[in-house]
Each structure stands twice: as C-alpha cells, then as structure tokens.
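Take a look at the structure set out below.
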Amino acid sequence: MVANIDPNGDARLIQGLRFFKGSIGEYVWGVARGYGTGINLEFGQPLLHVRQPRADLAGDGQDKVSKRWRSRLVTAVGEYRLWLQSCHWTARSGNETITHAYSNALKADNILSSISGQKLVDVVVLDKKMVLKFDLDGELQISLAEEYEPDDDQFTMVTPEGSLSITLGNAESLSGD
C-alpha cells in the first residue's frame with residue numbers, strides 16, 4: 001500500500017493504513033449494520049468474546065435489560081474489527097447499490113450480507129473518501145458526512161494491540177497497489 005500524504009499529516013491515518021495493508025487478502029465476515037448508520041466488519045481469525053453475568057447491574061427487575069445482565073453473552077468477533085461510525089457510506093455488491101442504512105434497511109442488510117465472505121483486495125483513499133474493494137465485486141465507499149466536524153472519528157479499528165480511531169478529514173491522497 002502506497003501512501004501519498006503530507007508526512008506531517010495525521011499519524012493515526014498512517015497507522016490505519018498499516019491495518020488495511022495487513023488485511024489485504026483477508027476475508028471479511030460479520031458485515032452488519034450497527035447503531036444508526038454504523039457498520040461493523042470483522043477480519044482475521046474469529047475469537048470468542050465472553051461477557052459474564054453482572055448481577056450488580058441487573059437488579060431485581062424482570063424487564064429485558066435486567067434479564068440480559070443476568071445472562072452470559074458469548075459473541076464471535078474478528079481478530080481485527082472495523083467499525084464505521086460518523087460517516088456516509090455506499091455499499092455495492094454486483095449490480096445492487098445502497099446509500100446509508102436509513103434508505104432501506106432490508107436492502108442494506110442484504111447487500112452488506114453479500115459482502116461477508118469476500119476478500120479485501122484494495123483500499124483507496126482519495127479526496128477524503130475511502131473505498132474498500134472486495135474480490136467478488138463488492139465495494140464499500142466511506143466519506144465524511146457534512147453534519148460531522150472534519151476531525152470527528154469516522155471509523156475505529158480494533159486489533160489485538162488495542163483500538164485506533166481515525167478520521168478522513170485530514171487525508172490528502174492514499175492508494176493501494
């Protein structure tokens with residue numbers, strides 16, 4: 001991956017590119033809408049995340065939240081996770097395209113589901129827009145949303161070493177090779 005940015009630019013963005021460089025050729029899985037217009041993408045080996053019961057938070061109630069806190073929650077997460085948050089996105093798989101989850105949730109779920117299982121083959125950042133390209137004609141475009149500040153975190157990468165939040169607001173031009 002080649003970076004064409006100001007050497008004094010956002011060091012977090014450069015670190016983020018290292019994440020993507022290591023993810024080229026990796027399968028993406030668990031692609032799903034999160035809260036609001038957020039999207040979660042999992043990469044790498046699946047790991048089990050276990051949240052133990054928390055009776056201290058459950059109280060004596062019988063509502064859904066109380067019952068949930070009294071139970072153990074086990075979920076599979078990727079060794080590497082990408083969480084898109086304060087941004088606009090457009091997803092494409094084959095000839096199907098959707099812009100943001102709010103336009104049609106069912107269509108968004110179907111397109112995002114079809115991206116799961118594809119390999120990441122390229123990442124391009126140009127003019128404050130990032131494009132993730134996948135091997136079976138899937139594509140995810142991410143751009144800065146007008147309603148957010150240029151320095152708002154647009155996505156967070158979670159790795160075994162920790163997490164890193166990044167904005168495209170300061171990006172000039174990046175491209176994968």
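The values are calculated or read from the model by the stated rules, or taken from the named source; none is laboratory data. None of these values were measured; they are calculated from a predicted model. Here the Cβ positions follow ideal geometry from the backbone for every residue, glycine too, while neighbour counts run over all protein chains shown.
Quick one: in segment 37-59, which of the residues that are in a helix (DSSP H, G or I) and either at pLDDT 90 or above or among the hydrophobic types (A, V, I, L, M, F, W, C) (or both) is surrounded by the most Cβ atoms within 10 Å (Cβ to Cβ)? Looking at residues that are in a helix (DSSP H, G or I) and either at pLDDT 90 or above or among the hydrophobic types (A, V, I, L, M, F, W, C) (or both), I get ALA58.
Scanning segment 16-61 for residues being of a type in the set (D, E, K, R), more than 17 Å from THR90 (Cα to Cα) and touching a strand residue (DSSP E or B) at 6+ places or on another chain (Cβ under 9 Å) gives a total of 4. The residues of segment 154-177 that are modelled with pLDDT of 65 or more and surrounded by 15 or more Cβ atoms within 10 Å (Cβ to Cβ), listed by number, are GLN154, PHE155, THR156, MET157, VAL158, THR159, LEU164, SER165, ILE166.
Of everything in segment 86-129 that is aliphatic (A, V, I, L, M) and modelled with pLDDT under 80, the residue that is farthest from SER23 (Cα to Cα) is ALA101. Within segment 11-36, the residues that satisfy the criterion of being crowded, with 18+ Cβ neighbours inside 10 Å, modelled with pLDDT under 75 and out of contact with any Phe, Trp or Tyr (no Cβ under 9 Å at 6 or more places or on another chain) are LEU13, LEU17, PHE20. Could you tell me whether TRP29 is closer than 16 Å to GLN118 by Cβ and either touching a residue at least 60 places away in the same chain (Cβ under 8 Å) or of a type in the set (Lys, Arg) (or both)? Judged against the criteria, TRP29 is a match.
Out of the residues in segment 84-119 meeting the condition of being farther than 22 Å from PRO46 by Cβ and among the charged types (D, E, K, R), tell me which one is surrounded by the most Cβ atoms within 10 Å (Cβ to Cβ). So the residue we want is ARG92. Residues of segment 60-83 that are of a type in the set (Lys, Arg), touching a residue at least 12 places away in the same chain (Cβ under 8 Å) and surrounded by 12 or more Cβ atoms within 10 Å (Cβ to Cβ): ARG70, ARG81. Restricted to segment 78-113, and to residues there that are part of a helix (DSSP H, G or I) and within 27 Å of VAL50 (Cα to Cα), the residue that is nearest to the chain's Cα centre (by Cα) is LEU112. Taken over segment 32-85, the criterion of being over 30 Å from ASN104 (Cα atoms) and in contact with an Asp or Glu (Cβ under 7 Å, 6 or more places away or on another chain) is satisfied by GLN45, LEU47.
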